[in-house]
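A.B. asks: So that we are looking at the same thing, I have put the structure below in structure tokens.
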Amino acid sequence: MLPCRDNSIAVLLKVAMLCGLASLGCSSNRDASNGDSALVGEAKIGEPLELFTTVPIGASFDRLPRISHLVSTDFDQDGQPDVIVCDCTKNTVSILRRSTTTEAESSTEPEYTEQVILDGIVAPARVEVVDFDADGDQDLFVAVLGKLNPSNDPIGSLIALENIAGDGGGDGDRDVASDEKTFSFRRHDVLVDVARVSDVRAGDLDGDGDRDLVVTQFGYYDGGLQWLENQGDWQFAPHALCDLAGGIHGEIADMNGDGFADIVLLLSQEIEELRIFYGDGKGQFEQSTAWSANNPDFGSSGCWTVDLDLDGDMDVLYANGDAFDYSPPRPWPWHGLQWLENVGDRKFKYHRLVELGGAVNMHAADYDQDGDLDIFATSTFNDWSSPESSSLIVLENTDNMQFVSHRLANSPTHIQALDVGDFDSDGSIDLITGGMHVFEPNDRVERVLLWQGISR
């Protein structure tokens with residue numbers, strides 16, 4: 001049975017911001033302060049900062065780029081960070097591999113070569129990087145929308161790329177040469193001809209020691225959340241958890257400290273809501289509403305689990321800035337950034353941090369190395385005609401969860417994808433971003449951009 005479906009709110013036209021969901025019960029822990037007063041930001045507004053120098057990496061482009069997701073990982077295990085990119089213009093998934101030549105290592109600008117590892121798809125939303133088969137190398141799962149705009153057509157899919165030893169012997173696998181390294185992948189079509197797949201995550205959901213999958217789907221009226229039980233040999237048994245449309249992210253984390261994997265689902269279609277499916281470690285889940293917006297146009301765009309206050313439990317970062325209900329898309333006063341503080345007993349305290357028009361992505365990292373977590377955030381739909389608009393900001397955690405917001409950039413515009421790491425091995429925080437250029441202006445366009453931290 002799939003409880004808690006609510007069709008009383010009109011379905012809104014949205015493009016999923018991606019990158020951009022057993023037996024169930026249903027309880028609610030809604031925050032009573034969800035009204036307009038909750039939108040007063042706690043963060044102070046500080047001066048703009050210059051923390052980074054930028055350099056484009058990866059392939060050149062002759063069409064407006066639409067990068068839905070990217071992730072930094074040492075995929076080839078050579079000690080250098082690589083980047084895996086979902087490109088909704090080229091409709092590919094590719095690996096940007098950092099060169100390890102002596103000449104490149106001596107340069108202040110790391111050099112990357114890009115190889116396509118999956119094509120022939122439409123609108124890849126997210127890639128999950130995980131050693132799924134426990135053989136010592138990283139495999140990939142790709143969530144494929146099938147179309148960028150919401151649709152009820154069964155056009156979504158979930159594709160697994162099993163990382164195997166490449167022999168180039170015409171065995172039907174995909175071999176990708178990169179310097180002295182050859183990647184080879186065996187493709188497994190896990191789901192085909194289903195509602196658009198917006199997210200996929202891997203984790204052990206039933207306590208049997210292997211990794212299962214959480215699959216989030218955002219159709220239009222159709223969609224839902226399911227987990228796929230790993231039955232071995234890249235075969236899966238589906239278990240539906242919820243049939244609500246509009247799932248953007250379905251994160252796996254232990255939200256109540258019981259040692260079992262839970263699922264954090266962000267909805268942004270019939271309702272604007274964050275739900276948690278608490279697992280019992282045996283594949284059964286109980287559903288609870290952690291927070292719900294009173295505004296049906298709230299524009300939820302992403303959630304990320306992290307112990308933001310470093311108190312030993314998992315909190316939730318939450319961005320709202322989806323602007324596709326309006327043409328052309330524009331920022332709204334309620335767009336912005338917030339975090340949900342885990343206060344125990346399945347309850348969360350809502351903290352509005354700051355207004356950010358078109359906010360789509362957040363990432364916590366200690367950029368100033370003072371022992372607490374700061375927050376980087378990006379915007380895709382801000383007022384780009386204003387020199388005061390921001391495409392990238394940092395919320396500096398100054399003391400005891402008190403934040404100061406600093407504008408970092410308004411060029412390039414339309415930043416969607418974001419990850420954090422030390423890409424040049426100098427000990428400072430660097431960023432990697434991807435542009436989702438779906439509307440004008442087109443005068444500050446970048447595809448994949450490396451932001452190298454200036455040593456403090």
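A.B. asks: Could you list all residues from segment 53-72 that are part of a strand (DSSP E or B), open to solvent by 10 Å² or more (accessible area, probe 1.4 Å) and farther than 16 Å from residue 139 by Cα? Write out each step before concluding.
C.D. replies: Quick first cut of segment 53-72, residues part of a strand (DSSP E or B) only: 53-56, 66-72.
If we keep only those that are open to solvent by 10 Å² or more (accessible area, probe 1.4 Å) as well, we get 53-56, 66, 69, 71-72.
Once the filter is applied, which keeps residues that are part of a strand (DSSP E or B), open to solvent by 10 Å² or more (accessible area, probe 1.4 Å) and farther than 16 Å from residue 139 by Cα, segment 53-72 yields 53, 54, 55, 56, 66, 69.
A.B. asks: Related question: Is it true that some residue in segment 189-212 is modelled with pLDDT under 95 and in a strand (DSSP E or B)?
C.D. replies: no
A.B. asks: What's the number of the condition residue 75 fails, among (1) surrounded by 23 or more Cβ atoms within 10 Å (Cβ to Cβ); (2) assigned to a strand (DSSP E or B); (3) of a type outside the set (S, T, N, Q)?
C.D. replies: (2)
A.B. asks: Continuing with this model, one more query. Considering only segment 273-299, state which residues are at pLDDT below 95 and either under 16 Å from the mean Cα position of the chain (by Cα) or closer than 26 Å to residue 419 by Cβ (or both).
C.D. replies: The answer is 298, 299.
A.B. asks: Also, I was wondering about something else. Only residues that are assigned to a strand (DSSP E or B) and of a type in the set (Val, Ile, Thr): list them for segment 264-316, please. Even if it seems obvious, please write down each step before you answer.
C.D. replies: Going residue by residue through segment 264-316, those that are assigned to a strand (DSSP E or B) are 264-268, 272-279, 285-292, 300-306, 315-316.
Of everything in segment 264-316, those that are assigned to a strand (DSSP E or B) and of a type in the set (Val, Ile, Thr) turn out to be 264, 276, 289, 305, 306, 316.
A.B. asks: Here is a follow-up. How many of the residues making up segment 83-107 are assigned to a strand (DSSP E or B) and either among the aromatic types (Phe, Trp, Tyr) or at pLDDT below 95 (or both)? I'd like the intermediate steps shown before the answer.
C.D. replies: Keep residues of segment 83-107 that are assigned to a strand (DSSP E or B), which gives 83-87, 92-98.
Those still in the list that are either among the aromatic types (Phe, Trp, Tyr) or at pLDDT below 95 (or both) too: 97-98.
Result for segment 83-107: 2.
A.B. asks: Restricting attention to segment 36-77, which residues are of a type in the set (A, V, I, L, M, F, W, C), within 25 Å of residue 340 (Cβ to Cβ) and over 21 Å from the mean Cα position of the chain (by Cα)?
C.D. replies: 38, 39, 40, 43, 45, listed by residue number.
A.B. asks: Tell me which residues, restricted to segment 245-299, are touching a Pro at 6+ places or on another chain (Cβ under 9 Å) and basic (Lys, Arg).
C.D. replies: none
A.B. asks: Can you pull out every residue in segment 112-131 that is open to solvent by 20 Å² or more (accessible area, probe 1.4 Å) and either within 21 Å of the chain's Cα centre (by Cα) or among the acidic types (Asp, Glu) (or both)?
C.D. replies: Looking only at segment 112-131, we keep the residues that are open to solvent by 20 Å² or more (accessible area, probe 1.4 Å), and these are 112-116, 119-120, 122, 126, 128-129, 131.
Of everything in segment 112-131, those that are open to solvent by 20 Å² or more (accessible area, probe 1.4 Å) and either within 21 Å of the chain's Cα centre (by Cα) or among the acidic types (Asp, Glu) (or both) turn out to be 114, 116, 119, 122, 126, 128, 129, 131.
To keep it simple, each residue is scored yes or no on (1) over 17 Å from residue 73 (Cα atoms); (2) of a type outside the set (S, T, N, Q); (3) in contact with a His (Cβ under 8 Å, 6 or more places away or on another chain); (4) not in a strand (DSSP E or B).
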position: 122; (1), (2), (3), (4): yes, yes, no, yes
position: 127; (1), (2), (3), (4): no, yes, yes, no
position: 132; (1), (2), (3), (4): no, yes, no, yes
position: 141; (1), (2), (3), (4): no, yes, no, no
position: 149; (1), (2), (3), (4): yes, no, no, yes
position: 153; (1), (2), (3), (4): yes, yes, no, yes
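Yes/no per residue for (1) in contact with an Asp or Glu (Cβ under 8 Å, 6 or more places away or on another chain); (2) not in a strand (DSSP E or B):
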site	(1), (2)
370	no, yes
387	no, yes
390	no, yes
398	no, no
406	yes, no
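A.B. asks: What pairs come up if the first residue lies in segment 211-238 and is of a type in the set (Phe, Trp, Tyr), the second is open to solvent by 40 Å² or more (accessible area, probe 1.4 Å) and assigned to a loop (DSSP other than H, G, I, E, B), and their beta carbons are under 9 Å apart, counting only those six or more places apart or on different chains?
C.D. replies: 220/13; 220/149; 220/152; 220/153; 221/7; 221/152; 234/133
A.B. asks: For segment 227-240, how many residues are more than 15 Å from residue 188 (Cα to Cα) and surrounded by fewer than 21 Cβ atoms within 10 Å (Cβ to Cβ)? Walk me through it before giving the result.
C.D. replies: Filtering segment 227-240 for residues more than 15 Å from residue 188 (Cα to Cα) gives 227, 229, 238-240.
Among the residues that remain, those that are also surrounded by fewer than 21 Cβ atoms within 10 Å (Cβ to Cβ) are: 229, 238-240.
Total satisfying the criteria: 4.
A.B. asks: Scan 429, 415, 375 and give me the residue that is open to solvent by less than 10 Å² (accessible area, probe 1.4 Å), closer than 21 Å to residue 302 by Cβ and in contact with a Gly (Cβ under 9 Å, 6 or more places away or on another chain).
C.D. replies: Details: 429 fails: open to solvent by less than 10 Å² (accessible area, probe 1.4 Å); 375 fails: in contact with a Gly (Cβ under 9 Å, 6 or more places away or on another chain).
After ruling out the rest, the residue left standing is 415.
The values are calculated or read from the model by the stated rules, or taken from the named source; none is laboratory data. Every value quoted in this text rests on a predicted model; they were computed, and no experiment measured them. All Cβ positions, even for glycine, are placed from backbone atoms using ideal geometry, and neighbour counts span all protein chains on display. The accessibility values were calculated without ligands, DNA or RNA, using every heavy atom of the protein model including side chains. Shrake-Rupley method; radii C 1.70, N 1.55, O 1.52, S 1.80 Å.
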